[in-house]
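A.B. asks: Below: one structure in structure tokens.
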2 protein chains.
Amino acid sequence: MTQLSLIPKSEFDRVRASNADGDGRVALLADMCRLNALVAVKRAGSGHLGSSLSAMDVVAFLLFEELDTSRLGWDHPDRDVYFSSKGHDVPGLYAALFALGVIPRERLLRLRRLGGLDGHPDVSVPGIEANSGSLGMGISKGRGIAWAKRHLGRGGQVVVMTGDGELQEGQNYEGLQAAAQERLANLTVVVDRNELQSDKPTDEIVSLGELEERFRAFGWHVETCDGHDPRALRGAFASFRAVNDRPQALVARTIKGKGVSFMEHPIALAEGGGTYRWHAGAPDDESYERAFGELVARIGERLGSLGLDSLALELADGADDRPETLEGEPESGAGTRSQVTHDYVVNAYGDELVRLGAEHEHLVVLDADLASDCRVRAFELAYPERFLECGIAEQDMVSAAAGLARHALLPVVNSFASFLASRANEQIYNQASEGSKVIYALHYAGLIPAGPGKSHQSLRDVSLLGALPNVAIVQPASPDETRALLRWAVEEATENVAIRLAIGPSPRRIELPEAITPGRGTILRAGEDAILFAYGPVMLNEALTAAEQLERRGVELAVVAMPWLNRLDGSWLADVVSTYRHVFVLEDHSPVGGLGDALRRELEDQPVTVYGVEGWPACGTPAEALRAHRLDGSSLAESIASRHSG
Amino acid sequence: MTQLSLIPKSEFDRVRASNADGDGRVALLADMCRLNALVAVKRAGSGHLGSSLSAMDVVAFLLFEELDTSRLGWDHPDRDVYFSSKGHDVPGLYAALFALGVIPRERLLRLRRLGGLDGHPDVSVPGIEANSGSLGMGISKGRGIAWAKRHLGRGGQVVVMTGDGELQEGQNYEGLQAAAQERLANLTVVVDRNELQSDKPTDEIVSLGELEERFRAFGWHVETCDGHDPRALRGAFASFRAVNDRPQALVARTIKGKGVSFMEHPIALAEGGGTYRWHAGAPDDESYERAFGELVARIGERLGSLGLDSLALELADGADDRPETLEGEPESGAGTRSQVTHDYVVNAYGDELVRLGAEHEHLVVLDADLASDCRVRAFELAYPERFLECGIAEQDMVSAAAGLARHALLPVVNSFASFLASRANEQIYNQASEGSKVIYALHYAGLIPAGPGKSHQSLRDVSLLGALPNVAIVQPASPDETRALLRWAVEEATENVAIRLAIGPSPRRIELPEAITPGRGTILRAGEDAILFAYGPVMLNEALTAAEQLERRGVELAVVAMPWLNRLDGSWLADVVSTYRHVFVLEDHSPVGGLGDALRRELEDQPVTVYGVEGWPACGTPAEALRAHRLDGSSLAESIASRHSG
């Protein structure tokens, strides 16, 4: 990787202490934060740059000028409270908090690393006021905070940043109406209105129409301004101070990727043939150098025009270790995946879906603005008339699917597991209660990748769907098995099917038979001392690693790939485990509500020991997260050996 | 109970076949349906009259005049599709479907009975197009159906009825924007705009502001009319036929309880001192007679003015059995509860909450328009400044609580378990991930009362919250234990607490010690042959009944009241179960994800047999539902005896 340099805190102190014109100073500080956010993301190997750059001028204006938080301190009861509901713009916020001395240098350089900075906002990080990253909760949380301030007689304004695509989530409107009902004048929402969502224009996904009218119809005071112009922002916030009977919204017109020419969305969309490529993922070295150069140049110009000395950078390297990845494992992010396509179960899913689409005219695909992550873009291009883009609105997506399923269609519903199984849970219950059939593709299931943090990691989805009478939950471990399970779901299953899919690359190629039998797994490796059930490409890799290590210690561990998480063939299972004193299970899930619990329900007379993700999932590299939970092969080998001999 | 008569189908046939003026005929048919809905609810002992009467003119206009469904048949692919999203107006719809010959007389007289008609819409009932009852899903489902019709080239308009209070749910706005984006001109929403929700005016709960403006801001064509005037309704639907580029909304101005003078909301609100008492629950005999008399008189007048013969009624009784209730068990519904207040755990909850409110100034209570069902109205009256009415918007309520909890307050969040644990699941996850403390009161947990049907019965909530690292889940079995657990949650718990509460009366008084110890239950009854763990007043009653019956068969069954559903004191548990070959668990929950799974995780070497609610929860009287799931005392005694001897 290229040599990285960042702007030290002392440079921010120098600019902030200067007598330079306020608006010019804010613009300069914003660009300086842009540069450090770029460095942090490049170093992490992933992160959301487009959104960080888009919101940066607003964040800089708020934190360096408008709000009293840095003056009063982040623990002061009367402080202004700022947080971002969309959350993926957090690299920019981290850069500002670093500039203010709230986040130390070492942590800024450990973005998405264990013990560093979470990939999405988490209150364990200094300066972070609310956990976010799952969209649409911020206005509600902000109104709670504003209500608490008023109730307790505390001072301070509450300012919540939202994305515009994010405003497709219905919860926003619940928050808007409640804040208006409570006349919370100490609440302000800023919409980062760049008119783009993850990789397409909002109007192409699901239009927000006249956004200002929406806010007004929900009883809010609304202003609109250029979100990159500190003077305009200052004017809008000044006008808000005169509004004392209702909450205020500022629709800040912005450009996604602002400040780096080729990341700015008008250019980037044109270059990308209509899709935006800088939403997530770190730039390659060449793009990084170009972006860095542009920012350094403009910062230099701004310093000069304010009569300040030129910029001093410092090396971003140090004693710090480099990210360590699992074999073949890049981080999540559109840019980096295509190199090892054959090793992603989700690619097999996307390919097979297109094939099934050709064979089954009643198959329709629903998406919640994650078409490229969920690999359903190919289906969209092949069968646009059978593709429903629902926007960031999982509840609507599921209930719409329920309507389709009652009217002769077979919907395949796609989103990340953490959002789909949880936010749309009651809608799934309602659909399932109608006895129709829907396939739920739970993408990004499990602990890995662990960089985006707990809002995105899904370790509960099996428990969330397991008590539904007619939902079979499966997770394939290989591309072949993915194709076979999806085909079974479409062609044979007589109930709903939830198919969990790892989003990252498979760390090793796992050979599995092409034919599947409901309720039965595959013995990947024989062994007479103990038996371990696991599922999914990530955990089966660790299970096999554990078996290899145990073999060297003289313990023969059998490993079973078990894609059926809540449908067990009892007689097969009894046969497989009959000779073992102990059954071990490795969950890519909480130890509560996963495969282990299902095995215990079946194996009433045989002890089952479960290794799962205890507590909150760790944020970090794959290797860090697995080790943190003692679910890596070595830790597992140790645990099994001690339990086996115990 | 008073003698019941209903209008036979032949009378509807006579009116429909007449040459009477169309508008007058619709008004007449609506009143005839009102009468039969009243009879069905009276016979059932529960049901939602206010809403049925409010929507009745619209339903009659649609089903008897506007839509082609009854002509084409409910299976025809080109049929118009009508359903109600709010769903609790279903007695009125049943009455119309009975009049059309879709629902037979025997079923109409078995409302809320096993094998009869579900308390909320269910597609297993003829003429019901969608499951509803949990609010806010209908527009999304309707847009799915409309999309399917267009995609498949099928004819027919899709008409969805919504409540107005229901429009507080955020999902509605997801559905609106998506339907507008898709330009679904074959979709129409009718809002039953009576400006009242369960028992208070919408403007007092959370105002919808200028509702028409909301629809317009989301891209819909909007009309407003008198929802009790067939001519106006006809005009509105005629105008919709000219709209071919977008979906249409009709805001139908209505009166809740329309057609029965003292149930009409302007009068009823005044008589109720600002609260409306006819939302749920059957009228007492006197009110019933009065309502029946009014309707019969008006139907007579309408028949006369249309030149038709007078009305022939027939006895509603027959071979049919009378509702059988558990000892002391009335159905859910505000009107009937006050007689046995000492036997409701939820009353103890409401009382103790007021007491704790006096002692703890940081305690705040949040409600989602269920203040009287959840017994938080007393708190609202005692501490209005610490009561947050959030409207029917559970996601916003939970995220607002998250904001409060981070700012020095202790929120107690109230709703029905089926809505709170499921619809707001991701918001609870997000809150819990911040490490703050919130108390979640999961009302109406469990199978009973079973009359409202599966949208309201909550048999999954333990599984939905069980995989969260920091949520203790408890369910008290007596008023004393309720007070003790709530006090523990407020004063001692260091994590979030979810407290499950039965909404109905306790079938027997269960004596429990006042002191509680986390993780430990109480042995209610000794017995050396087998041991049964149960929780909550309903299931402990059945457990004790089973033990009594088994005793007569010479089997000594120990019964343990176990309020801790996911926090176990391992050594206490080991002691308690050590002498038993088998541990039995009776769940007021699915067998997946409840106490049984928690015991199995702890008791690795001892078989655990779980009796829980398998499949979808049955709709019926408490006794019917318990027997249907073989969870009544007699069935349990049988199961345990055969397992014990087996």
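A.B. asks: With the label 7 angstrom out along Cα to Cβ, how close does A:Glu614 come to the same site in each of the other copies, in nm, nearest first?
C.D. replies: 3.5
A.B. asks: Rank these for me by crowding, A:Glu359, A:Glu129, A:Glu587, going from fewest to most other beta carbons within 10 Å.
C.D. replies: So the ranking, lowest neighbour count to highest, is A:Glu359, A:Glu129, A:Glu587.
A.B. asks: Using a 10 Å cut-off around each Cβ of peptide A:413-423, what is the average number of partner chain Cβ atoms that fall inside?
C.D. replies: Per-residue shielding by partner chains comes out at 2.
A.B. asks: Between helix B:633-645 and chain B, what is the angle of the helix's C-alpha long axis to the longest principal axis, kept within 0 to 90° and rounded to the nearest 10?
C.D. replies: 40 degrees
A.B. asks: Between region A:269-317 and region B:532-573, what is the separation of their alpha carbon centroids in Å?
C.D. replies: Each part's Cα centre sits 67 Å from the other's.
A.B. asks: Let me ask another. Karplus couplings for region A:36-45 from phi (6.51 cos²θ - 1.76 cosθ + 1.60, θ = phi - 60°), rounded to Hz, Gly and Pro as x?
C.D. replies: 5, 5, 4, 4, 4, 5, 4, 5, 5, x
A.B. asks: Step through the residues of region A:85-91 one at a time and calculate ³J(HN,Hα) from phi using the Karplus curve (6.51 cos²θ - 1.76 cosθ + 1.60, θ = phi - 60°), rounding each to whole Hz and writing x for Gly and Pro.
C.D. replies: In residue order, the calculated couplings are 6, 5, x, 6, 7, 5, x Hz.
A.B. asks: In chain B, if the dipole is taken from +1 on Lys/Arg beta carbons and -1 on Asp/Glu beta carbons about the Cα centre, which of B:Tyr444, B:Ser5, B:Thr69 is farthest to the positive end?
C.D. replies: It is B:Thr69.
A.B. asks: Please compute the average number of Cβ atoms from other chains found within 10 Å of each residue's Cβ in peptide A:401-412.
C.D. replies: 6
A.B. asks: Ok, one more. Could you tell me the relative contact order of chain B? Use alpha-carbon pairs under 8 Å, at least six residues apart, and round to a whole percent.
C.D. replies: RCO, chain B: 13 percent.
A.B. asks: Rounded to whole Hz and in sequence order, give me ³J(HN,Hα) for region B:455-471 from the Karplus expression 6.51 cos²θ - 1.76 cosθ + 1.60, θ = phi - 60°, writing x for Gly and Pro.
C.D. replies: Result, rounded to whole Hz: 5, 9, 6, 10, 10, 10, 5, 5, 5, 6, 10, x, 8, 6, x, 10, 10.
A.B. asks: Counting only other residues whose beta carbon sits under 9 Å from that of B:Tyr429, what net charge do I get with K and R as +1, D and E as -1?
C.D. replies: +1
A.B. asks: Here's a follow-up. Assigning unit charges at the beta carbon (Lys, Arg +1; Asp, Glu -1) and nothing else, what dipole magnitude in debye, to the nearest 20, does the protein assembly as shown show about its Cα centre?
C.D. replies: Roughly 580 debye for the protein assembly as shown.
A.B. asks: Distance between the C-alpha centers of region B:146-215 and region B:57-123? Whole Å please.
C.D. replies: One Cα centre to the other: 20 Å.
A.B. asks: Right, something else. List B:Glu492, A:Glu352, B:Glu169 from most exposed to least, where exposure is judged by having the fewest other Cβ atoms within 10 Å.
C.D. replies: Lowest to highest Cβ neighbour count: B:Glu492, A:Glu352, B:Glu169.
A.B. asks: Please compute the Kirkwood hydrodynamic radius of chain B from all pairs of different C-alpha atoms, in Å with one decimal.
C.D. replies: Over chain B, the inverse of the mean reciprocal pair distance is 25.7 Å.
A.B. asks: For the protein assembly as shown, what proportion of DSSP beta bridges, expressed in % and rounded to the nearest 5, is antiparallel?
C.D. replies: Once the DSSP bridges in the protein assembly as shown are tallied, antiparallel ones form about 10 percent.
A.B. asks: What angle do you read, to the nearest 10 degrees and between 0 and 90, between the alpha-carbon axis of helix B:537-552 and the longest principal axis of chain B?
C.D. replies: Computed tilt is about 60 degrees.
A.B. asks: Here's a follow-up. For the rotation that superimposes chain A on chain B, which residue of A has the C-beta lying nearest to the axis, and at what distance in Å?
C.D. replies: That would be A:Gly170, 1, residue then distance in Å.
A.B. asks: Could you point to the residue in B:Ala282, B:Leu313, B:Leu208 farthest towards the positive end of region B:194-313's charge dipole, with +1 and -1 charges on the Cβ of Lys/Arg and Asp/Glu respectively?
C.D. replies: Among B:Ala282, B:Leu313, B:Leu208, the one farthest towards the positive end of the dipole of region B:194-313 is B:Leu208.
A.B. asks: What is the fewest-to-most order of A:Tyr276, B:Tyr535, A:Tyr440 by other Cβ atoms lying within 10 Å of their Cβ?
C.D. replies: With the sparsest Cβ surroundings first, the list reads A:Tyr276, A:Tyr440, B:Tyr535.
A.B. asks: What does the charge count near A:Asp284 come to, summing +1 for each Lys or Arg and -1 for each Asp or Glu among other residues with Cβ under 12 Å from its Cβ?
C.D. replies: That works out to 0.
A.B. asks: Another one. Please report, for B:Arg154, the nm distances (one decimal) from its label point, 7 Å out from Cα along the beta-carbon direction, to the equivalent points in the remaining copies, shortest first.
C.D. replies: Result for B:Arg154, in nm, nearest copy first: 5.4.
A.B. asks: If you put a point 7 Å past Cα along the Cβ direction, how far is that point for A:Gly304 from the same point in each other copy, in nm, smallest first?
C.D. replies: Result for A:Gly304, in nm, nearest copy first: 9.7.
A.B. asks: Between region B:477-497 and region B:387-448, what is the separation of their alpha carbon centroids in Å?
C.D. replies: Comparing the Cα centres of region B:477-497 and region B:387-448, I get a distance of 16 Å.
A.B. asks: Something else now. Based on the alpha-carbon gyration tensor of the protein assembly as shown and its eigenvalue square roots a ≥ b ≥ c, which shape applies: rounded if a/c is under 1.5, prolate if not and a/b is larger than b/c, or oblate?
C.D. replies: oblate
A short reminder: the numbers here are calculations on the coordinates, not readings from a lab. These figures come from a predicted structure and were not determined experimentally. As a convention, Cβ positions derive from the backbone with ideal geometry for all residues, glycine included, and neighbour counts pool all protein chains shown.
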